[in-house]
Amino acid sequence: MRFILPLLFIGIFVIVGFTALKIGPDEDTPVKYAKRFINSVQDDDYRHAVSCFGGNICRCPADLGWVSYLIYGSAEEPNLAFMMGKRFIHSTITFKKLEVAMDKSKQTPFEKPQDFEVDVPLRFEPTIYAPYFLPLDMAFGLPMKSTDLDAFLADPDKDSWKGLTLRLRPSLEPGTVDIPADAKAHIDTYIRDKKRKEKEERKYQQRKNGNGANGSADQSADKDATNDDTKQAETQSDEEKARQLARSAVAEATDAKYVMPKDAAAVTGDDGKVLSPSSIEARLPRLTSALLRLHMVRRDPTQPFTVFHFVVSDPVLSIPENGGYRRLVLKNFKPPL
């Protein structure tokens, strides 16, 4: 009897220890982190979705930070804005190991970087949510005629690679491409932190160049940094002029009118009247399936996997036709080489 109690404690200890150490099938693979990313996107959680991005090698995100790939207002392509806060289905996630992109000469002895290609098959149910695939002009705010819309509906695959994911929209309503408040707050924080780091880097370089660890050197660095800020404010008008010149140069490009996505433009009928958004939606193709391919990485096995890059490929559309739907597999979704 005296051995029963110790054996009982040993048994409990073994069970608890086994449970704590047991690793599920997704526990130490990128699948676990891909699911977290997908869930964050579905939950419209910009903070957690952005935290899922990162990389093994030096690759800065777009000007607005990683959130750029989750909002229409960044004009970044590919983009997952059409999936944020929406209900969709994903089937079994698969992955395969890739050759590590990180420069081995820059690795520390403790780093063991890993790169994986992770495939997430997506399915959209029209009765729940299936994004509309807009004509290029409509998606970039350029008014269209009903004959232009008819030409697009006859061949949605033509030039489908142009702004592919930016043309996928939840509706034609005004405000669709507006930057959500949560995303805007994240952008503001990112820009503020970026400016702070740049200022700290300037001060560090000034100390380093002046070989000054003393107070006078610090004061000089602060003064120089302040002068830099003042100078930047004084030359802001010049920078604005430079931006205007840059925009003018872009405007001369062939596809300049397709730089920034906008709310769906109006479509005018033969009688000169503007067609209602609902009548247009009833005719537009809708995305019903696609493959979300994530390039996921981590610097060492103690770190979580993060999304380094992604593409949306193999899109399939459903096109309203004769009271039903016609299935169309897009073949021109990849930019021509």
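The values are calculated or read from the model by the stated rules, or taken from the named source; none is laboratory data. Everything numeric here is computed off the predicted structure, so don't read it as measured data. Using ideal geometry, Cβ is built from the backbone for each residue, glycine included, and neighbour counts are taken over all protein chains shown.
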### Query
Can you list the strands (runs of 3 or more DSSP E) found entirely within the stretch 252-337 that contain at least 2 residues being touching a Gly at 6+ places or on another chain (Cβ under 9 Å) and at negative phi?
286-298, 306-321
### Message
I'd like to know if the stretch 100-109 contains one or more residues that are surrounded by 13 or more Cβ atoms within 10 Å (Cβ to Cβ) and either modelled with pLDDT of 95 or more or part of a helix (DSSP H, G or I) (or both).
### Response
no
